[in-house]
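One structure below.
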Amino acid sequence: GDYDPCWLRYERIEDEALAEQYRKWCGNLTVLGSSPILESARDELTAGISSLLGVAPALSRDLRDFPSLVLTASAEGRGWVDRRVWEGLDEEGYLLKTVERGGDAFLLLLGKTDRGALYGAFHLLRLMQTRRPLHSLEIVENPGNRLRMINHWDNLDGSVERGYAGKSLFFRKGRIVRRLDRIRDYARLLASAGINAISINNVNVGPDECRLITGSLLPDVARLADVFRAYGIRMFLSVNFASPMWIGGLSTADPLDPEVRRWWRERAEEIYRHIPDFGGFVVKADSEHQPGPLTYNRDHAEGANMLAEALRPHGGLVVWRCFVYNFQDWRDRSTDRARAAYDHFKPLDGRFVDNVVLQVKNGPMDFQVREPVSPLFGAMERTNQMLELQITQEYTGQQKDLCFLVPQWKEVLDFDTHAAGKGSTVKAIVGGKVFPCRHSGMAGVSNVGDDRNWTGHTLAQANLYGFGRLAWNPDLSAEEIAEEWVRLTFGHDSRVVETLRDMLLESWRVYELYTAPLGVGWMVKPGHHYGPDVDGYEYSYWGTYHYADHRGIGVDRTMKTGTGFTGQYFSPNRERFESLETCPDELLLFFHHVPYTHRLKSGETVIQHIYNTHFEGVERVEDFIRRWTRLKGKIDAERYEHVLSKLREQLENAREWRDVINAYFFRKSGIPDEKGRKIY
Ligand code: BDP
């Protein structure tokens, strides 16, 4: 197609000696078994190998044809591996192994199921793309999370809520797109990164989108589901809790009403007639004007369980979001939005049936550049939980500014909740390793659209890739993922690899430097959320205040004098955040209201820290531009110029942030910059 292949470029390997070694393993591909997923794997191997090595593998279905590469999930394949290894493979796991056979050897690519084989095929191609040796392989892989999901916020009219990369890939003018070739390439990209579930429509479900679960659109949804299925990806839909009223002609959506229950059961039956392996529903209920069970004096468990019962006979899941809070008056300090999810859901632990999974945003507020980890993780030991991350950069530069989010996500995943003692990290909890749970995993809000490069900023492709890789293996480091992505996407020139890898790894911190300071968040323009607005939400009802005055800034969320939010954490996190002495600098203003002269652990005062970081943030973006320009000629002109223009845009943005934030705090505090720099 006329769009970017992203990390599946499969550029010809120039090193002839290496290509020759690879060809030895890729000359004859034998596929044992057949299914749409195995066909996808075979096609990917064929295309990838042809493109990387310049020769197509000979295809066969017969072992007597002297295979060099065997792709299978069959019993025959099992015969070549140790029983314990086979039993250690999860449903989606796989093995890449060199098998000696009568003085000869071949490469076995064995999945526990066809899906495993597909992931194995992508792994093999990645080894070649990153120039790794293929001899004496013995690689065993299992996914670290069962659910590895992408949530789209796409609307039927083709727009994308918080989308920064063009229009929806799926929808146009109230219908589902007819041409599916690009969807197929999207499925390839997702599967190659390990994604196995997708919800295609916005969590804010309008009347139009309700039609997705009716006969008028289900046949088209089913066509999309077919494409994704061939890549091991299950289709989910977001539903509106009031659908029985909006499209069912009922006068209520009360989850305990028998008519309402019947209506949902019938919907489920019809959906499964079209999509036999339908994944289930994603639900945003009683949140930001979306309807929900609370209207009927029912709680979230009653609401979620009702939908779960309708899906249960078919094997479907309810992904119920915990992004729930009450709108608040800024004059009323008795409530705190950060507390809301925990206050709503923690008391319901144990009440959700086992095909409900609660989806919890990484932080207690809303995808800010810096937030503490949500205290809900690990707090509901008898409830399925999954983590929600925002790949789309709503609050982190909107795919104009460079912001590689994997380092942030790593901090979230590695955070120790202490829910069941030391080592109860978020990744262990959502990986289902701390408390027994049937469903768990990770979801990411998509950052793609129909732009030629999929993500607006070409370098934002790394966030999509990184999300998938982390969902597959949360133990990968940010460095590994960054370098891998650069090699796949921009090749192996060492200057390119090092520069780009380092820029990615630094970029989140740089973005943080020039935006809202020390975890206070939210100093963004209301509505679209790009660029600074110092008092943007300060006197509104969204519950996102910073409380800056002439003496100080920050939100007191302590148990002693504040909202008591710190009390939602397990010890010792609770004490660590509660105390000014031990609260980490970068989260100081999230937890404490302090004077501008308060000294950070770094030794700087808060006000001097604000000035310094904002000057530094701009300088770091200038430095990005310098480093990037040194890559001229080493990267194709189109992508080189594109990234350069994005970086220049970012510099404008960073300057605006610096000047507005510094001026605001200078005027509030009256304290001049120690270094005498110009503050407007
Ligand atoms: C916020 C977005 C809003 C979403 C909401 C959500 O601003 O557009 O609908 O999250 O997650 O970050 O439901």
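For this structure, a couple of remarks:
- When peptides 161-170, 529-538 are sorted by average Cβ neighbour count within 10 Å, with the highest value leading, the order is 161-170, 529-538.
- Phi-based couplings in Hz for the stretch 102-110 (Karplus 6.51, -1.76, 1.60; Gly and Pro marked x): x, x, 10, 9, 9, 9, 9, 10, 10
- The C-alpha atoms of the chain define a longest principal axis, and helix 16-26 lies at about 70 degrees to it.
- In order along the stretch 431-437, the Karplus-derived 3J(HN,Hα) couplings, from 6.51 cos²θ - 1.76 cosθ + 1.60 at θ = phi - 60°, round to x, x, 9, 9, 10, x, 7 Hz, and Gly and Pro are given as x.
- Whole-percent P(r), the chain, all Cα pairs, 10 Å bins from 0: 3, 15, 24, 26, 19, 10, 3, 0, 0.
- Shown in residue order for the stretch 668-675 are the 3J(HN,Hα) couplings computed by the Karplus curve 6.51 cos²θ - 1.76 cosθ + 1.60 at θ = phi - 60°: 5, 8, x, 9, x, 5, 4, 8 Hz (x for Gly and Pro).
- Straight-line cross-link reach from residue 632 at under 20 Å between alpha-carbon atoms covers these lysines, not counting any fewer than eight positions away in the same chain: 646.
- Spatial offset of the stretch 644-658 relative to the stretch 346-401 amounts to 30 Å, using the alpha carbon center of each.
- Value at 222 nm in deg cm²/dmol, rounded to 500, when DSSP H runs of n ≥ 4 in the chain each add -39,500 (n - 2.57): -11000 deg cm²/dmol
- Beta bridges per DSSP with both ends in the stretch 6-124, % antiparallel, nearest 5: 40
- Amide proton proximity set for residue 58, modelled H, under 5 Å, gap of 5+: 28, 29
- Out-of-range pairs (alpha-carbon distance over 22 Å; input 24/97; 525/560; 173/525): 525/560; 173/525
- C-alpha long axis of helix 478-490 to longest principal axis of the chain, angle in °: 60
- Assuming charge only on the beta carbon of Lys and Arg (+1) and of Asp and Glu (-1), the dipole of the stretch 527-662 about its Cα centre is about 460 debye to the nearest 20.
- Cα shape, the stretch 498-583, gyration tensor, a/c 1.5 rule: oblate
- Packing-based ranking, highest mean first, of 143-154, 328-339, 610-621 given that Cβ atoms within 10 Å are counted: 143-154, 610-621, 328-339
- Using Cβ point charges alone (K and R +1, D and E -1), the dipole size of the stretch 397-479 about the Cα centre works out to roughly 260 debye.
- Taking amide hydrogens as placed 1.01 Å from N in the peptide plane, the amide H of residue 404 sits under 5 Å from those of 507, 508, each at least 5 positions away in sequence or on another chain.
- Entries in 361/427; 112/410; 410/433; 361/410; 167/410 that, when Cα-Cα distance is taken, lie over 20 Å: 112/410; 167/410
- Dipole axis of the stretch 218-315 (+1 Lys, Arg; -1 Asp, Glu on Cβ), positive-most option in 281, 231, 253: 231
- Acute angle (nearest 10 degrees) that the helix 218-229 long axis makes with the longest principal axis of the chain, alpha-carbon atoms: 70
- Charged side chains reduced to their Cβ positions (Lys and Arg at +1, Asp and Glu at -1) give the stretch 546-616 a dipole of some 200 debye around its Cα centre.
- Contact order relative to length of the stretch 194-288, as percent, for alpha carbon pairs under 8 angstrom and 6 or more apart: 36
- Backbone amide hydrogens, once placed in the peptide plane, bring residue 144 within less than 5 Å of 473, excluding anything fewer than 5 places away on its chain.
- When the charge dipole of the chain is built from unit charges on Cβ atoms (+1 for Lys and Arg, -1 for Asp and Glu) and taken about the Cα centre, the candidate among 271, 99, 590 whose Cα reaches farthest toward its positive end is 99.
- Förster radius 25 Å - calculated FRET efficiency between residue 11 and residue 645 (Cβ-Cβ, nearest 0.05): 0.55
- Distance (nanometres) between label positions extended 7 Å along Cα→Cβ at residue 91 and residue 539: 5.5
- Under the Debye formula (equal points on every Cα, no solvent term), log10 I(q)/I(0) of the stretch 101-168 at q = 0.12, 0.16, 0.26 Å⁻¹: -0.57, -0.77, -1.14
- Highest mean packing first, where packing is the average number of other Cβ atoms within 10 Å per residue, the peptides 551-563, 399-411 line up as 399-411, 551-563.
Bear in mind these aren't lab numbers, they're just calculated from the coordinates by the rules spelled out. Please read these numbers as outputs of a predicted model, since none were measured by experiment. All Cβ positions, even for glycine, are placed from backbone atoms using ideal geometry, and neighbour counts span all protein chains on display.
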